[in-house]
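K.L.:
Below is a structure I'd like to ask you about.
Since every read-out is calculated from the coordinates, none of them should be taken as a lab result. Computed from a prediction, not measured in an experiment: that's the story for all the values here. We place every Cβ from the backbone using ideal geometry, glycine too, and count neighbours over all the protein chains shown.
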Amino acid sequence: SLVDMYSKCNDADSAFKTFSEMPRRNIVSWNSLLSGFVSNEKHSEALMLFDSMGKAGIEADEVTLVNLLQICKHFIDPFQCKSIHSTIIRQGYEFNELV
């Protein structure tokens, strides 16, 4: 997808613009944008996107959670990391090999 392409080219702004203009979004498009934010060290934007995913009724999958764990390596706020860990446990991914 274009969102993934822009994300991999380190153009998070264009990825977000393209994502925003999409009439329908699925978990792949959400994860593509999330991954782009994480790889471009836009951690706050990634966390806001994750919050928006929940509000849109999109449930996190393994790819989502791996991206969120990447934020914990850089994020200072232990509350956010504990919240991500809680999500992993709540959704049953604590023993998932990918996560």
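K.L.:
If you take Cα extents along the principal axes in Å from the coordinates, which of (1) 82, 32, 24; (2) 33, 26, 24; (3) 62, 25, 19 do you get?
P.N.:
Structure-derived value, by its label: (2).
K.L.:
With angles folded into 0 to 90 degrees, how steeply does helix 43-55 sit against the dominant principal axis of the chain? Use alpha carbons for both and round to 10.
P.N.:
90
K.L.:
Using a 10 Å cut-off around each Cβ, can you sort 87, 18 from fewest to most neighbouring Cβ atoms?
P.N.:
87, 18
K.L.:
Straight distance only, please: which lysines reach the Cα of residue 17 with their own Cα at less than 23 Å, same-chain residues fewer than 8 apart left out?
P.N.:
8, 42, 55
K.L.:
Compute a Gaussian network model of the chain, connecting alpha carbons closer than 10 Å, and tell me which residue from 32, 14, 83 fluctuates the most.
P.N.:
Result for the chain, Cα springs under 10 Å: 83 fluctuates most.
K.L.:
Next question, about the same structure. When a footprinting reagent is the concern and you count Cβ atoms within 10 Å, what order do 29, 86 take, fewest first?
P.N.:
So the residues, fewest neighbours to most, are 86, 29.
K.L.:
Can you compute 3J(HN,Hα) from phi for each residue in the range 9-24, using the Karplus curve 6.51 cos²θ - 1.76 cosθ + 1.60 with θ = phi - 60°, rounded to whole Hz and x for Gly and Pro?
P.N.:
8, 6, 10, 4, 5, 5, 4, 5, 4, 5, 4, 4, 8, 6, x, 9
K.L.:
How much mean residue ellipticity at 222 nm does the chain get from its helices, if each DSSP H run of length 4 or more adds -39500 (n - 2.57) and you divide by all residues, to the nearest 500 deg cm²/dmol?
P.N.:
The helix-only estimate for the chain comes to -20500 deg cm²/dmol at 222 nm.
K.L.:
Where a Cα-Cα gap under 18 Å defines reach, which lysines qualify for residue 82, not counting those fewer than 8 residues away within the same chain?
P.N.:
73
K.L.:
Right, another one. For the chain, which cysteines have no disulfide-compatible partner, meaning no other cysteine Cβ under 4.7 Å?
P.N.:
9
K.L.:
Okay, moving on. Relative to the present Cα-Cα distance, how much length would full extension add between residue 48 and residue 82 at 0.36 nm per residue of separation?
P.N.:
Result for the pair: 10.6 nm of gain on full extension.
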